[in-house]
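Below is one structure, written out as structure tokens; comments come after it.
The values are calculated or read from the model by the stated rules, or taken from the named source; none is laboratory data. Keep in mind it's a predicted model, so treat the numbers as computed, not measured. Glycine gets a Cβ as well: all are built from the backbone with ideal geometry, and neighbour counts include every protein chain shown.
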Amino acid sequence: MAADRRQSSILNPQSSIPSDGPVGVFDSGVGGLTVFREIARVLPNQPLVYLGDCARVPYGTKSPETVTRYSLEAANHLLERGIRMLVVACNTATSAALPTLQEQLRIPVIGVVEPGAQAAVAKSAGRIGVIATEGTVKAQAYTKAIRRLKPDAEVIESAAPLFVPLAEEGWANTHVAREVAEVYLEPLIDAGIDTLVLGCTHYPILRGTIEQVVGDSVRIVDSAETTALAVQSALGESATNGAEPLHQFLVTDATERFRRIAGDFLEQEIRHLELVAL
Ligand code: DGL
């Protein structure tokens with residue numbers, strides 16, 4: 001297969017991009033669909049294959065070793081489907097497993113933390129709040145990535161684990177979500193943050209509720225948007241430019257539940273959906 005050697009600084013340096021094949025996107029469940037949607041928006045002709053590890057969600061409360069094992073299994077399954085690039089559409093998996101994935105895979109692997117950190121630094125005047133899963137917060141993934149870019153940035157990371165089941169249940173716009181958001185976000189507002197990073201790909205599903213609680217003065221960084229731009233720039237000219245692409249969806253469990261929630265979120269019928277074992 002012909003290879004395009006174009007690389008970007010956030011890619012694994014030894015990788016090369018195959019000239020065709022879908023872009024693989026994976027997450028523990030439906031959260032990575034926020035990244036999928038943005039990639040499909042900026043690269044409307046590029047086929048995508050999405051894998052949601054619904055059998056093992058959540059990743060956020062599991063150890064880095066377990067999340068790394070799950071991530072390698074997901075990546076290997078997607079490789080068998082001929083993907084040309086892997087997008088780790090999960091902050092927890094990015095925090096735990098990105099270096100291992102980048103070392104072991106010959107194709108480019110993009111995580112969501114670095115693009116999110118870059119956007120936060122570009123938007124913030126100095127005090128950045130990050131909400132993420134327990135695993136991402138424990139790893140201090142955003143604090144490290146932001147401080148690499150801006151050593152004097154103030155970063156306050158806080159876990160918001162209940163946002164994951166609220167998103168998975170389709171409860172993003174309920175009064176329950178609003179009350180949970182108030183409990184998680186008020187300490188960050190009181191600490192005077194000017195920017196809030198949604199450091200879990202499930203959280204943009206609750207963006208409306210989160211925005212209502214933090215108000216207009218806090219800028220929101222959604223790593224889904226910035227990651228999609230990173231994918232676009234890494235693919236460059238090699239992005240597929242053909243007819244309307246066929247996107248595929250793979251899940252490890254709860255097929256009909258995924259079909260319903262993904263359909264509502266993407267506002268389209270989920271047709272090519274398959275149950276897989278990793
Ligand atoms: N969506 C994932 C993330 O970005 C993980 C949610 C979970 O499985 O706990 O961190």
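Here is how the numbers come out for the structure above:
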| item | result |
| --- | --- |
| Residues located in the stretch 20-68, provided they are among the basic types (Lys, Arg) and within 23 Å of Pro99 (Cβ to Cβ) | Arg56, Lys62 |
| Matching residues in the stretch 235-256 - criterion: being under 20 Å from the mean Cα position of the chain (by Cα) and either aromatic (Phe, Trp, Tyr) or modelled with pLDDT of 90 or more (or both) | His247, Gln248, Phe249, Leu250, Val251, Thr252, Asp253 |
| Answer residue from the stretch 49-84, given it is among the small types (Gly, Ala, Ser) and crowded, with 24+ Cβ neighbours inside 10 Å and is nearest to the ligand (Cβ to nearest atom) among those | Gly60 |
| Cross-chain or 6+ apart pairs with Cβ under 6 Å, the stretch 222-238 first and within 22 Å of Cys200 (Cα to Cα), then crowded, with 18+ Cβ neighbours inside 10 Å and of a type in the set (S, T, N, Q) | Ala224/Thr34 |
| Residue count, the stretch 103-134 (criterion: closer than 17 Å to Val25 by Cβ, within 16 Å of the ligand (Cβ to nearest atom) and β-branched (Val, Ile, Thr)) | 4 |
| Boolean, Ser217 is assigned to a helix (DSSP H, G or I) and surrounded by fewer than 17 Cβ atoms within 10 Å (Cβ to Cβ) | no |
| Those residues of the stretch 34-60 which are out of contact with any strand residue (DSSP E or B) (no Cβ under 9 Å at 6 or more places or on another chain), at pLDDT 95 or above and assigned to a loop (DSSP other than H, G, I, E, B), in sequence order | Arg56 |
| Any hit, the stretch 93-102, residues being within 16 Å of the ligand (Cβ to nearest atom), within 18 Å of Ala234 (Cβ to Cβ), of a type in the set (Ser, Thr, Tyr) and out of contact with any Lys or Arg (no Cβ under 6 Å at 6 or more places or on another chain) | yes |
